[in-house]
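Here the structure is laid out as structure tokens; the discussion comes afterwards.
Just so you know, all these numbers are worked out from the coordinates, no wet-lab data involved. Everything quoted here is computed from the prediction, not taken from an experiment. Cβ sites come from the backbone with ideal geometry, for glycine too, and all protein chains shown count toward neighbours.
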Amino acid sequence: MQAATKIGSSQVAERPATVVIVDDDPAVCSSLKFALELEGFTVRAYGSAAELLDHGHPTGCDCFVVDQRMPGMMGMDLIAELRGRKVLTPAILLVSTPPSSALSARALKAGIPIVEKPLLGNALVDKIREVCRHG
């Protein structure tokens with residue numbers, strides 16, 4: 001996935017889309033980072049919501065991939081916190097079990113797609129490309 005860098009109305013250069021992963025499981029972070037880099041993305045990984053928030057908004061981020069179940073702050077709460085800080089970067093929520101109707105409704109209202117783990121096929125990559133195009 002390439003993201004265009006624009007100056008004025010003319011396209012200057014193509015750069016890989018940058019994806020920020022937030023997941024408390026180091027093995028998941030590592031494997032997602034590896035797989036997404038193979039797909040051509042630039043990837044930064046954070047082990048918790050607090051770690052991401054402590055570092056501020058990553059510049060050049062095109063998409064957040066956030067795990068729902070994390071200690072300290074759930075994924076939807078992290079996304080809400082980012083929105084409250086005027087960070088409007090598209091986000092995708094990862095869930096390990098089918099989401100509750102309340103979580104599904106909250107994500108739908110916020111415009112946050114949900115992708116279920118285990119990740120099958122190209123579901124996550126396809127969703128990242130989609131939100132980066134329309135974000």
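Over the range 42-87, Cα pairs under 8 Å with separation of 6+ residues give a relative contact order of 38 percent.
Could you work out the relative contact order of the range 2-134, using alpha carbon pairs under 8 angstrom and six or more residues apart, expressed as a whole percent? This gives 20 percent for the range 2-134. For the chain, the longest principal axis of the C-alpha atoms and the axis of helix 101-110 are separated by about 20°.
For the options A49, A102, A35, a Gaussian network treatment of the chain with springs between C-alpha atoms closer than 10 Å singles out A102 as fluctuating the most.
Put simply, the range 2-134 fits an ellipsoid with semi-axes of 23, 17, 15 Å; these come from the alpha carbon gyration tensor as the roots of five times its eigenvalues, largest first. A simple spin-label model places pseudo-atoms 7 Å from Cα toward Cβ; at S104 and V87 they are separated by 2.8 nm. Taking each DSSP H run with n ≥ 4 as -39500 (n - 2.57) and averaging over every residue of the chain yields -11500 deg cm²/dmol at 222 nm. Altogether, the Stokes-Einstein calculation at 10 °C and 1.306 mPa s, with the Kirkwood radius of the range 68-118 over Cα pairs as Rh, returns a diffusion coefficient of 142 µm²/s. For the chain: lysine pairs with Cα atoms under 23 Å, gap of 8 or more or different chains, count? So the count of such lysine pairs works out to 8.
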